[in-house]
Amino acid sequence: MPLAREAVELLVQAARAWYFEGNQHGLRDREWMALRFLGRANRFSRTPSALAGFIGATRATASQIVKTLESKSFLVRKPSQEDKRSVVLHVTAQGEKCLSQHDPINHVVNAVAALGNDECVRLRDSLRDVLNHLDAAHQRLDASVCRDCMFLAERGPGTGKGRASAEFMCRLYRAPISLEETELLCTSFERTRDRPKIEEHLDRARMASQG
Ligand code: SF4
């Protein structure tokens with residue numbers, strides 16, 4: 001138990017990088033959290049309501065954050081292609097530049113990357129296990145990537161240039177999912193524990209797209 005406490009206390013210290021008073025480079029910590037999430041979210045989760053759920057804010061607060069990010073030209077709203085009455089939030093090139101240059105978590109990301117690949121994988125898996133445990137206990141809204149989601153299904157192989165985009169289907173949204181999209185965050189994610197077949201298929205598809 002002392003070891004577990006020591007590890008958690010170190011995590012709390014690390015969290016000072018992303019929870020802070022005032023602002024950094026013109027944005028408060030929750031605005032950074034929103035911009036970071038929208039920069040990594042898939043097309044189903046870049047909505048005001050998914051954003052509110054992810055950052056643990058009311059719709060009104062999330063809407064105010066969206067307005068702030070729009071006023072700085074980091075974000076634009078566009079009508080959803082699936083449902084014209086809904087809007088999808090897009091991070092602009094300026095927003096992406098701001099994230100890559102000034103996101104307060106960048107220092108932590110660099111420090112973790114310096115641990116090396118194997119240690120990064122161990123750390124990621126350990127933190128995921130901890131979060132899974134917390135989610136089960138508190139039934140919090142989760143967000144993760146398609147790769148681990150029970151709704152991801154294989155699709156018949158496509159042809160030529162569009163091959164990677166025809167690999168997968170989301171059975172929840174009944175929509176095709178490209179290989180690149182399987183790495184994006186989704187707030188409709190539902191965990192599944194035993195997906196060896198999809199895991200292997202994703203690895204093969206990823207290697208094919210790289211080589
Ligand atoms: S497969 Fe799961 S994580 Fe991916 S888009 Fe569908 S619901 Fe979201």
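Using just the C-alpha positions of segment 21-107 as equal point scatterers, what log10 of I(q)/I(0) does the Debye formula give at each q in 0.20, 0.25 1/Å? Here the Debye-derived log intensity ratios amount to -0.89, -1.37.
Across segment 50-143, Cα pairs under 8 Å and at least six residues apart give a relative contact order of 19 percent.
The numbers here are math on the coordinates, done by the rules we state, and not lab data. What you see is a predicted model; the values in this text were computed from it and never measured.
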